[in-house]
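Quick notes on the structure that follows.
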Amino acid sequence: MQEFKRAIRESLAQHSGLDSNTIKLERPKKAEQGDFAFPCFQLAKERKQPPVAIAQELAAKIGADLQRVEVVATGPFLNFRINRSDLSASVLKQIAGENEGFGHSREGAGKTMVIDFSSPNIAKPLHVGHLRSTIIGAVLKRLHDALGYTTVGVNHIGDWGVQFGKLASAVELWGDTVDLEGDSIRALLALYQRFHEEEKRDESLAERGREAFRELESGKDGSVRATWRRVTELSLRELSKTYARLGVSFDLIRGESFYEDKLEETIERIRASGVTEESDGALIVRLERKGKEIAPALLRKSDGTTLYATRDFAAAFHRWDEFHFDRCLYVVAGNQKLHFEQLFGVLKRMELPWAERAEHIYFGMMTLSGGLKLSTRDGQMIFLDELLDRAVEEALKVIQTSKKFADIPNPEEVATQIGIGAVIFNDLKKERIKDVQFEWDDVLSFEGETGPYLQYTHARMCGILRRAEKEGPPADTAPAWAQLEDASHLILTLGRFPDVVRSAAKACEPSEISQYLLSLCRDLNSWYGHAEHKVLGVDAPLSAARLQLVNGAKVVIANGLRLLGVATPEKM
RNA sequence: GCGCCCGUAGCUCAGCUGGAUAGAGCACCGGAUUUCUAAUCCGGCGGUCACAGGUUCGAGUCCUGUCGGGCGUACCA
């Protein structure tokens, strides 16, 4: 399909005087209008001629150039329609040839993307709020992998700070009262909460916590460090189970603690650039936005200790030194915008050439229905594992009540794919900056605009292809490409997939893929729902052509879902 | 107070770097299954694109202001 677009652009450029690279071919609102459109208003202004006249003039000239494309002037618009047979053959042959690779490219070859995502705290359970960074980050990584980038997925674990002194103390005090080895995270959470409770009554506990963290920071390899190490290991073990369920993996799991011995040099590096100053005893960097001063970045507190931001600076420098990235994405909620503005603001004030390469990819907040915030503190929490369990359970119920239950050899496995797919897709459906309200009904709904809807459509295509092996036309039947005219809108959509992948990656917007897949499946189901569009049991060349369409759709849905991290069962 | 983000159908959302008659899902009502999977499809209902100005040949999309909601506002992470 690209070859037709290129030809249209070149001819258009030649006859209009525009640069072929800047010509934007739009998609007409209505399919009947054509495959691509070019509005002539801009040209009309430059040439001081009516757009309708320009459209007519160009239509005649371009029409003479292009044999396989019909060019029609509709008012001020120039509409292009690729010859149906050529369109079908071009798109569907390409998909069949490239298969899993359709949508992939090498355009990012040689470029490195560092993607920081998920980044939970040790010793706290993942709740539904953590889903967003994890899921979105994982999609961004897969998207860039598909485009040939070298990607480095980093999990910047929160494993440092006074709270870990408290936790270590709690483990030392009451560790034997809970099941640390078995249900680690829940046990740690209970200990942490107990510490908070008792701290209110017993002031010595707070001091004990601070003292423990001081020992930790001192680097002394004593009992506190041993406890901290144990807590870290237990937590990571639990976390990795949840990541495995979500199909998410990292290239680098590196806690904040990793930067502990690099904080002094980090502060020195910033101080040496001359941007720092003392204020109320603290070391800060003043920053402004559009000429107005904003909250400064803090490098060191007035008591001499460092803070979270200091470790983020250390991480940024270290990442640059290690990877020399082309882009470094921080997939973190939007409520941290100021923090990243400060982080990047300092890099810019230091005039580091790579400062512009770091980006905060932010997303909306997750709230519970009724506007309640998710937080460990007030107990408003839905554990991620529980959510996944429940989604799988619900999926299993649907499978068991279905008529085709008997045809599914592995219902538990399929229920897992569907339940978890539903949860993931639900998180990727909307534009990422929008806030999401958590509703059980929405997450567990398997009808309408959902992951299972896409999976189901995919499974049906698989079903046809399976059956075609037995009942279909002979393998060497030449497809009657010209007879796919009633599906040309669908074919055009399939041909657009590589553009969608590229655009979603560029904008770091997974919802471009999800929305594309929804609209593709809607069109596909609609086409397929017509009795006259039978794939099998029709004239062999027509059947062969429709099978190519079914295969193309199956491949694109599968490739799209794979990018999103949603499984693609062949039967459901 | 100040800053950032959001505001499209009863609800949840699409609407491509401004372009042709603003589209889906849910809910509600009515249809389709001896059929290549009904987790589907078809039809109906439903809109002053928050409001007011402005820029433009053209604004849901850009600018300004107002209202409403969310988030954030240096020694937490």
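Numerical summary
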read-out: Compactness index (Cα Rg / 2.2 N^0.38 Å), segment A:203-343; value: 1.24
read-out: 14 Å beta-carbon shell around residue A:310, net charge (K/R +1, D/E -1); value: -3
read-out: Net charge, residue A:223 excluded, C-beta distance under 10 Å - Lys, Arg +1, Asp, Glu -1; value: -1
read-out: Separation of the residue A:532 and residue A:289 label points, Cα + 7 Å toward Cβ, nm; value: 5.8
read-out: Note, ³J(HN,Hα) from phi for segment A:237-252, Karplus 6.51, -1.76, 1.60, rounded to Hz, x at Gly and Pro; value: 4, 5, 4, 5, 5, 5, 4, 4, 4, 8, x, 10, 9, 10, 8, 8
read-out: More than 16 Å apart - percent of Cα-Cα pairs taken over segment A:405-448; value: 46
read-out: For chain A, size of Cβ-based charge dipole, Lys and Arg +1, Asp and Glu -1, in debye; value: 1620
read-out: Residue order for A:130, A:156, A:530 - accessible surface, 1.4 angstrom probe, largest first; value: A:530, A:130, A:156
read-out: Rg over Rh, two decimals, segment A:406-508 (C-alpha only, Kirkwood Rh); value: 1.06
read-out: Hz values of 3J(HN,Hα) by residue in segment A:279-289 - Karplus curve (6.51, -1.76, 1.60), Gly and Pro given as x; value: 8, 6, x, 9, 9, 10, 10, 6, 9, 9, 10
read-out: 0 to 90° range, to nearest 10: angle between helix A:411-428 axis and chain A longest Cα axis; value: 80
read-out: Flagged links, alpha-carbon separation over 23 Å, of A:220/A:241; A:404/A:430; A:404/A:534; A:30/A:554; value: A:220/A:241; A:404/A:430; A:30/A:554
read-out: Estimated 222 nm signal from helices in chain A, with DSSP H stretches of n ≥ 4 weighted -39500 (n - 2.57), rounded to 500; value: -17500 deg cm²/dmol
read-out: Surface/4 estimate of mean projected area, convex hull on alpha-carbon atoms of segment A:320-464, nm²; value: 12.9
read-out: Probe 1.4 Å, all protein chains present, accessible-area order of A:159, A:523, largest first; value: A:523, A:159
read-out: For segment A:385-564: accessible area per residue (Å², 1.4 Å); value: 44
read-out: 10 Å Cβ shell holding at most 10 others, DSSP loop, GluC sites (Glu not before Pro): longest site-free stretch of chain A; value: A:1-180
read-out: Per-residue ³J(HN,Hα) for segment A:346-362, Karplus 6.51 cos²θ - 1.76 cosθ + 1.60, θ = phi - 60°, Hz, x for Gly and Pro; value: 5, 4, 5, 5, 6, 6, 6, x, 9, 4, 6, 7, 8, 9, 8, 9, 9
read-out: Residue A:81 - accessible surface, heavy atoms, 1.4 Å probe, Å² rounded to 10; value: 60
read-out: Folded to 0 to 90 degrees: helix A:184-201 orientation relative to chain A principal axis, Cα; value: 40
read-out: Accessible area of residue A:562 in the full protein assembly, 1.4 Å probe (Å², nearest 10); value: 110
read-out: List A:149, A:259, ordered by accessible area with a 1.4 Å probe, largest first; value: A:149, A:259
read-out: Å³ per residue enclosed by the Cα convex hull of segment A:95-140; value: 108
read-out: In degrees, nearest ten, helix A:2-16 long axis to first principal axis of chain A (Cα); value: 80
read-out: Over segment A:207-271: Rg over Rh, Cα atoms, Kirkwood Rh; value: 1.09
read-out: Separation of the residue A:264 and residue A:197 label points, Cα + 7 Å toward Cβ, nm; value: 4.2
read-out: Relative counts (whole %) of C-alpha pair distances in segment A:385-564, using bins that are 10 Å wide; value: 9, 33, 33, 20, 5, 0
read-out: Lysines with Cα under 23 Å of residue A:348, excluding same-chain neighbours fewer than 8 positions away; value: A:111, A:262, A:290, A:292, A:301, A:337, A:506
read-out: Charge dipole (chain A, unit charges on Cβ, about Cα centre) - positive-most of A:206, A:345, A:556; value: A:556
read-out: Rounded to the nearest 20 debye, dipole of segment A:1-152 from Cβ charges on Lys, Arg, Asp, Glu; value: 360
read-out: Expected-Rg normalisation [2.2 N^0.38 Å, Cα atoms] applied to segment A:1-138; value: 1.54
read-out: Semi-axes of the equivalent ellipsoid for segment A:2-82, Cα gyration tensor, largest first, Å; value: 17, 14, 12
read-out: Given charges at Cβ of Lys, Arg, Asp, Glu: chain A dipole, positive-most of A:140, A:63, A:120; value: A:63
read-out: Percent of alpha-carbon pairs separated by more than 35 Å within chain A; value: 50
read-out: Projected label distance in nm at residue A:383 and residue A:107, using a 7 Å step from Cα toward the beta-carbon; value: 4.4
read-out: Cβ-placed point charges (K, R +1; D, E -1), dipole of segment A:385-564 about Cα centre in debye, nearest 20; value: 540
read-out: Sequence-distant residues sharing a close amide H with residue A:437 (under 5 Å, placed H); value: A:367
read-out: Environment charge of residue A:521, counting only residues whose C-beta is closer than 12 Å and scoring Lys/Arg +1, Asp/Glu -1; value: +1
read-out: Accessible area of residue A:38 in the full protein assembly, 1.4 Å probe (Å², nearest 10); value: 20
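The values are calculated or read from the model by the stated rules, or taken from the named source; none is laboratory data. Worth saying up front: this structure is predicted, and the values here are computed from it rather than measured. So basically every Cβ, Gly included, is an ideal-geometry build from the backbone, and we count neighbours across all protein chains shown. To get the accessible areas, we keep the full protein, side chains included, count just its heavy atoms, and leave off ligands, DNA and RNA. Shrake-Rupley method; radii C 1.70, N 1.55, O 1.52, S 1.80 Å.
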